[in-house]
């Protein structure tokens, strides 16, 4: 094995390093981070194996499972997914050895550490094209492997992000904040900047591995969106590929703050080091996309709008002193006014103004930064309530138009962010 360039491999276990050294080098690497995913991981690994057999039979390949201390037999299921069984099922055969390695990186799940482990393995194995697959992606098909990996392996793209067919009310944090704000800041219409499935080149993986501040809690918690932003900042070639249906996963209300930390917190923290990149950008443009940029489904989905409305109104009242540190007096007054209404509308303009004021407050650390992110939760619920009401009877095209209008509002009001960023209210 040739000399590796990995700056810090001390976090990898000796056993894992020995296994990687025995593999040598690979063309294709598929990473699967897990934590207690015994119910789904067997089928996912079998599908990944079948995809490699079908689309990359001549390439050297490895499946890397980075596990966060599973206690339900997840790692054993990965280890027992024999390639011989996959070949018999698919009646396809590889001309190379398909390696499957599982390692435990800790005793509790940490997606940032899991991604770091996969990136380190990719660098040690000098993988040309790599992908990460979520253990919750039960809708995975063998086509995912070529859809994600082929643009990197054959077309010299450095990052392939997914697009999906989603329920119109799935991913409201994505459609109402992450996508429009990332688009307004960096000028690229990337629909899934926070992606649990993606593919990337060895050179992008190596740069992110070396430059990402892995010992910083925010960097670890938001590694997925940080990865996308690193590709943008490094001017790497980015494209999107349609993977099909994204299943709706019901989340508890308590999950919102961790989700905000992993996404909005990471996005806000990127603004300072990338200021010279985003401050002069105006407008936005599409990036190369295979398949539709997004599809929406309209089947029934029960959402407790009354609870969202109540949590918004209660949050505005209870956090008034916190909001006085974060928001301008006029924005806070508008929020207090609509919070008193039984049926309010949190307009796009007011929402964008709110988000930009939160971003500037985070930059200035007007209070503890984690408290700023937590304080956004009730306001996001108010915006989610409005999005549900506005699109309750709309078509898929209506939903897309609503999101596009919000994106344009983020772009139109970007000068306001720059004004308050520099301290002028």
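The values are calculated or read from the model by the stated rules, or taken from the named source; none is laboratory data. As the structure is a prediction and not an experimental result, all values here were calculated from the model. Don't worry about glycine lacking a Cβ; one is built from the backbone with ideal geometry, like all the others, and counts go over all protein chains shown.
In the stretch 377-415, how many residues are closer than 22 Å to residue 338 by Cα and surrounded by 15 or more Cβ atoms within 10 Å (Cβ to Cβ)?
First, pick out the residues of the stretch 377-415 that are closer than 22 Å to residue 338 by Cα: 377-392, 402-403, 405-406, 409-410, 413.
Imposing the further condition that a residue be surrounded by 15 or more Cβ atoms within 10 Å (Cβ to Cβ) reduces the set to 377-391, 402-403, 406, 409-410, 413.
Selection size over the stretch 377-415: 21.
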For residue 200: the one exception among (1) buried (at least 24 other Cβ atoms within 10 Å of the Cβ); (2) more than 25 Å from residue 413 (Cα to Cα); (3) at pLDDT 95 or above; (4) under 11 Å from the mean Cα position of the chain (by Cα):
(4)
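Take residue 146 and tell me if it is farther than 19 Å from residue 19 by Cα, surrounded by fewer than 24 Cβ atoms within 10 Å (Cβ to Cβ) and modelled with pLDDT of 95 or more. Reasoning before the result, please.
Details: farther than 19 Å from residue 19 by Cα: yes; surrounded by fewer than 24 Cβ atoms within 10 Å (Cβ to Cβ): yes; modelled with pLDDT of 95 or more: yes.
Answer is yes for this residue.
Where in the stretch 309-425 are there helices (runs of 4 or more DSSP H), lying wholly inside it, with at least 1 residues that are in contact with a strand residue (DSSP E or B) (Cβ under 8 Å, 6 or more places away or on another chain) and closer than 15 Å to residue 180 by Cα? Give the steps one after another, and end with the answer.
Details: elements: 320-326, 329-339, 348-364, 369-390, 396-412, 414-421.
It comes to 396-412.
Return yes or no: is residue 365 under 28 Å from the mean Cα position of the chain (by Cα) and on the phi > 0 side of the Ramachandran plot?
Values: under 28 Å from the mean Cα position of the chain (by Cα): yes; on the phi > 0 side of the Ramachandran plot: yes.
Considered against the rule, which asks whether it is under 28 Å from the mean Cα position of the chain (by Cα) and on the phi > 0 side of the Ramachandran plot, residue 365 comes out as yes.
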Of the numbered conditions (1) modelled with pLDDT of 95 or more; (2) within 18 Å of residue 410 (Cβ to Cβ); (3) within 23 Å of the chain's Cα centre (by Cα), residue 294 fails exactly one; give the number of that condition.
(1)
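When you go through 122, 127 one by one, which is the residue that is closer than 18 Å to residue 26 by Cβ, at pLDDT 95 or above, within 24 Å of the chain's Cα centre (by Cα) and in a helix (DSSP H, G or I)?
Working: 127 fails: in a helix (DSSP H, G or I).
Answer to the selection: 122.
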Looking only at the stretch 33-45, how many residues end up being in a strand (DSSP E or B) and within 10 Å of residue 74 (Cβ to Cβ)?
1
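Whether any residue in the stretch 367-385 is out of contact with any helix residue (DSSP H, G or I) (no Cβ under 8 Å at 6 or more places or on another chain) and either closer than 20 Å to residue 257 by Cβ or in contact (Cβ under 8 Å) with a residue 40 or more places away in the chain (or both) is what I want to check. Can you show your working first?
Here is the first cut: in the stretch 367-385, the residues out of contact with any helix residue (DSSP H, G or I) (no Cβ under 8 Å at 6 or more places or on another chain) are 368.
Filter again for either closer than 20 Å to residue 257 by Cβ or in contact (Cβ under 8 Å) with a residue 40 or more places away in the chain (or both), leaving 368.
Yes; the residues of the stretch 367-385 include at least one that is out of contact with any helix residue (DSSP H, G or I) (no Cβ under 8 Å at 6 or more places or on another chain) and either closer than 20 Å to residue 257 by Cβ or in contact (Cβ under 8 Å) with a residue 40 or more places away in the chain (or both).
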Filter the stretch 282-327 down to the residues that are touching a helix residue (DSSP H, G or I) at 6+ places or on another chain (Cβ under 6 Å), touching a residue at least 40 places away in the same chain (Cβ under 8 Å) and over 30 Å from residue 395 (Cα atoms) and list them by number.
315, 316, 319, 322, 323, 326
For the stretch 213-255: of the residues being over 16 Å from the mean Cα position of the chain (by Cα) and modelled with pLDDT of 90 or more, which is farthest from residue 121 (Cα to Cα)?
244
With the checklist (1) in contact with a helix residue (DSSP H, G or I) (Cβ under 9 Å, 6 or more places away or on another chain); (2) surrounded by fewer than 16 Cβ atoms within 10 Å (Cβ to Cβ); (3) not in a loop (DSSP other than H, G, I, E, B) in hand, flag the one item residue 255 doesn't pass.
(1)
The one condition in (1) within 25 Å of the chain's Cα centre (by Cα); (2) modelled with pLDDT under 95 that residue 27 fails to fulfil
(2)
